[in-house]
Structures are given as C-alpha cells and as structure tokens.
Amino acid sequence: MDTNEMIDRYVNEVGQRLPRKTRADIELELRSLLLDTIEERSGGEPTPKIAAEVLREFGHPEGIAAQYRPEESLIGPKLFPVYKVVIAITLTIIGVLHLIGWGFVLWQGSGAGFVDKVLSFIFSFGRSAIINAGIVTLIFAVIERVAGDSLELPEKQEGVWDPFDLPPVQDPDRISRSELVVGIFFTVAFIAWLNFFPDWFGGADFGGEGSGIFVLVTAEFLALIPWFTASLLLEVLLKTAVLIQGRWNRVTRWLEIGTSLFSLYVTYRVFSLEQISTVPFFTTGAKAVLAIVLLIGVLEIIGKLIRLLLGRPFKPHTFIKSKLA
C-alpha cells in the first residue's frame with residue numbers, strides 16, 4: 001500500500017461516519033491537511049511508514065469523525081454508532097413480531113376483511129415503532145447526559161488500530177445497515193406468507209359462483225415450503241449477525257456460501273419436480289427461470305470462493321510493512 005492509497009483509505013473511513021451533506025467538504029479539507037503534514041514531515045519524499053506515523057497521530061477514523069460532528073445533539077458522537085445499531089435491531093424485532101401476529105390473525109380469519117387488517121397492521125407497526133424508538137432514544141439521551149463525558153473515543157485507545165489495516169475505499173465487506181434491515185423485514189414477510197397463506201400462490205376469480213383465490217402450484221411444490229422456510233431463516237439469521245457485527249468478515253462470508261449452497265439445493269429440488277404448476281405452460285416457464293437462477297447462483301458461489309481463497313486470505317507484504325512501520 002503506497003502513501004496515496006493509505007490516505008485515501010483513511011479519508012474514506014472518516015467520510016463514511018459523516019453526514020452526506022458535509023462529507024465531501026470535510027474529506028477535501030482532511031485530505032489537504034494530511035498531505036501537507038506528511039509533506040512537511042518527510043521533507044518532500046513521503047513514504048508509507050511516515051504516512052502511517054502521521055495517521056496514528058491524527059487518531060482513529062471514528063475519533064476524527066466525531067470531532068467533525070456537531071457537539072450539540074441529543075445523542076453525542078461517542079454513543080451514536082451504537083445507538084444506530086440498537087435502533088435498527090429494535091425496529092427489525094418489532095417488524096418480525098408484528099408480521100407473525102398479523103399472520104395468525106389472517107389465518108384465523110380466513111382472509112376476511114383483508115384490507116382492514118392490512119391497514120390495522122400498518123398503523124400498529126408504526127405506532128409501536130415510534131414508541132419503542134422513542135424509548136431507546138430517551139435511554140441513550142440519559143446515558144449521554146449522565147456519562148457522556150466519561151465515555152472513551154477510539155482515538156484514546158492506544159495501539160488498537162494500524163493504518164496498514166485500513167479497509168480499501170471500495171470495501172466489499174462494508175455493509176449498509178438500512179439495506180440489511182429492509183432485507184430482513186421483507187424476508188420475514190415472505191416467510192409469513194409462505195407458511196400462513198400457501199394457498200395464495202395463484203390467481204383470483206371473482207366472476208363466477210365459485211369465486212375466490214385458486215391455487216396455481218401443485219401439492220408437491222407446497223410440500224417444499226418447510227425447505228424454503230429453513231433457507232430463508234438461515235438468511236435472516238446470517239444478516240442479523242452481520243448487522244450486529246457491523247461488517248462482513250471471513251467467517252460470515254463462509255456462512256454466506258453455506259446458506260447459498262443450501263438455497264441452491266432447495267431451488268434444485270423445485271426444478272426437479274415433474275409438475276410445479278397445475279398449468280403446464282407455467283411449469284415450463286418456471287423451469288426455464290429456475291435453470292437461469294441455478295446457473296447464476298453457481299457462478300456467484302464460485303466467484304465468492306475464489307475471492308475467499310485467493311483474494312484476501314492473508315497478505316504477507318501488508319503484515320511485514322505493518323511490523324516495520
């Protein structure tokens with residue numbers, strides 16, 4: 001890693017912790033300050049070792065970002081990263097519980113008053129989300145007022161980070177918490193649909209005497225619902241673990257490959273069914289789509305395996321540079 005790349009990584013790590021509207025200006029200012037400091041320290045010949053020394057003196061990226069965030073806030077910069085994680089987990093749990101409860105209500109009511117129940121679910125979820133988010137915010141605000149000054153920022157922890165270990169600017173292991181939360185929510189919603197309303201895999205006929213919802217999938221397909229559920233639950237558990245951890249790592253990447261393999265196995269079981277739909281045309285179309293899904297899934301797993309085995313397993317040159325710095 002050369003000097004410029006090290007600075008890019010450091011500035012990017014700081015920027016990721018700042019509001020979008022001020023991020024670009026602060027990154028420009030910080031980059032200029034770092035370049036001037038390194039230039040002065042090196043006498044015009046900057047080296048990665050000198051750059052690493054300067055970055056250590058500046059401090060951990062989280063500490064630098066905290067200095068640029070407004071001091072007058074309900075949740076201060078020391079607690080805000082933890083606060084975001086707790087809020088995300090709280091809202092996810094509330095959403096899951098509401099979906100399960102909503103599924104039971106619809107199941108027992110045989111689909112009667114569907115629109116009213118959907119509106120009631122949305123209102124109940126919104127009310128619970130606001131109340132619980134407010135409670136969490138209040139708790140963190142009290143902690144901020146009572147113990148905020150005594151909390152340690154990352155830059156006060158000596159020797160816990162190394163500039164040579166900064167993740168790249170285009171870091172594939174960085175997560176988007178909002179995307180994970182949304183993904184978990186809708187996956188759980190799909191699980192509820194699979195298990196509470198399996199007969200709704202079809203269409204609607206309201207024109208005749210026997211109007212209502214009719215099933216387009218076969219009993220063999222419905223028998224695979226437990227396998228679908230297991231696959232989706234593994235995905236939810238993995239995403240939840242990554243959300244709590246804050247980023248992907250080698251262990252969760254291997255677990256991701258394991259869940260993907262299991263998902264492909266379930267997909268193959270559907271593909272191997274003689275009849276997927278009660279309508280032959282739909283069976284043909286579904287098998288064509290599933291064949292493409294299987295091919296893409298296999299290619300994605302191969303790509304992930306190559307990255308894990310050959311991409312970033314261990315970097316001796318980075319390790320050596322780090323120890324020499």
Cα-based Rg/(2.2 N^0.38 Å) for the stretch 207-313, rounded to two decimals, is 1.38
Quick one: if you stick a label point 7 Å off each Cα along the C-beta vector at THR284 and ILE135, how many nm between them?
-> 5.7
Two-site FRET efficiency, ARG56 against GLU300, from Cβ-Cβ distance with R₀ of 35 Å, rounded to 0.05 = 0.35
Ranked from fewest to most other Cβ atoms within 10 Å of their own Cβ, TYR265, TYR83 fall in the order TYR265, TYR83
Taking the dipole of the stretch 207-313 about the Cα centre (Lys, Arg +1; Asp, Glu -1; charges at Cβ), the one of ALA286, VAL217, LEU308 that reaches farthest to the positive side is LEU308
Fewest-first sequence of ASP2, ASP162 by Cβ atoms within 10 Å of each Cβ = ASP2, ASP162
Gain in length, THR90 to GLU220, computed as 0.36 nm per residue apart minus the alpha-carbon separation, to one decimal in nm?
-> 43.0 nm
Could you work out the relative contact order of the stretch 207-313, using alpha carbon pairs under 8 angstrom and six or more residues apart, expressed as a whole percent?
-> 34
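No lab work stands behind these numbers, since they all come straight from the coordinates. Keep in mind the model is a prediction, meaning the values are calculated, not measured. Using ideal geometry, Cβ is built from the backbone for each residue, glycine included, and neighbour counts are taken over all protein chains shown.
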